[in-house]
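Worksheet: one structure, shown below.
Throughout, read-outs are computed from the coordinates displayed, never taken from laboratory work. Values in this document were obtained by computation on a predicted structure and should not be read as measured data. FYI the Cβ positions are ideal-geometry reconstructions off the backbone, even for glycines, and counts take in every protein chain you see.
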Ligand code: FAD
C-alpha cells in the first residue's frame, strides 16, 4: 500500500450561528475554508429539537454546495421521534448528504425526552435500517462520558454502539494525547475496530480558555495550563501559543498513526487555515496555490 493510502484524514467541525447572527454573516467567515479540501466538514445541531431548517440544514447546504466539501450532519436524538428523523434523513438524501453523526444528545433538566431513541445506538441502527448507504459516525470519550458509571461500562456501551452500525468514531476534545492512546488500546482490547478520529480544539482566546479550565473534565497537562496562565492577558500570544499547542498535539498523533484528526474550529476559519497550513503534508493534503 502506498503512503498516500495510509495518510490520516483531517476534518473540521463548524456550528450554526444563533438566529440573530444569521448564516449569511457566518458564511463570510467560512468562505475562507474554500479550497482546503478536508475529508469532510461536520455541522453541529442543537440537542433539543431538530430545528434544522434555519440552522443545521442551512449551514450543511452551504458547506456542501458552496464550499463543495463532503458534509456530515450531527443528529442528537433524545428529543426527537422516528418520524422526525426519517423526514430529516430524506431531506439530507435529496441534498446528496449521506454522512450523519448519530448522537443521543444531553438530557436537559426539566425537559422530558421522547421515547423513540434512548441511546445513540438506537438512532444508529434506525439510520442504517432506513438508509443503508449512509455513513454513520458515533461520539466517544477518551476520558469517559460523564453519565457512565465507570470506564468499563463506557467501553461496553461503546462496543454496542459500534455493533449497531457505526462506521467510525469521533472523540470528545482532549489536551493530553496519553489519554487518547490509552483509550485506543481499550477499544482494541474490546474489539472496537472502526477508525477513531481524534477531536482537537485549539484554544485561541481568553474566554474560551477560562471556559475550558472551569468546565472541561479533560485532563489539562501542566504545559497546557502554563500557557493559558502565562498569556491570559495577552490575546495575540495566547492565540499563537494555543495554535502551536494544537499543532504539537496533531504532529504527535499523526506520528503515532492516528486514523484521523477532527478539528473543532469554533467557526474561526483563520485558526483552521493556520493549522491546515502547518500540518497539511502530514495528511497528504496540499496548501492551495493562492495561500
Ligand atoms: P450515547 O452513546 O447514547 O451515550 C450516552 C451515555 O449512555 C454514556 O454514558 C453511555 O456509556 C451510556 N449508554 C449507552 N448505551 C447504553 C445502554 N445500552 N445502557 C446503559 N447506558 C448506556 N451534542 C449536541 O447536542 N449536538 C451536537 O452537535 C453534538 N456534537 C458532538 C460531537 C462530538 C464529536 C461529541 C463527542 C459529542 C457531541 N455532542 C453533541 C455531545 C453529546 O450529545 C453528549 O455528550 C451526550 O451526552 C451523549 O451523546 P452520545 O451520542 O455519546 O450518547
Can you divide the C-alpha Rg of region 189-232 by 2.2 N^0.38 Å and report the result to two decimal places? 1.54
Name the shape class, rounded, prolate or oblate, that the alpha-carbon gyration tensor gives for region 147-224, where a ≥ b ≥ c are the square roots of its eigenvalues, rounded holds for a/c under 1.5, and otherwise prolate holds if a/b is larger than b/c and oblate otherwise. prolate
Listing 63, 112, 204 from the residue with the fewest other Cβ atoms within 10 Å to the one with the most, what is the order? 112, 204, 63
Determine, for 232, 161, the number of other Cβ atoms within 10 Å of each Cβ, and report the residues in order from fewest to most. 232, 161
First check a/c for region 159-291, with a ≥ b ≥ c the square roots of the eigenvalues of its C-alpha gyration tensor; if it is under 1.5, answer rounded, and if not, answer prolate when a/b is larger than b/c or oblate otherwise. oblate
Among 44, 171, 255, which comes first, second and so on when ranked by fewest other beta-carbon atoms within 10 Å? 255, 44, 171
Largest first, please: the extent of the C-alpha atoms of the chain along each principal axis, to the nearest Å. 50, 49, 44
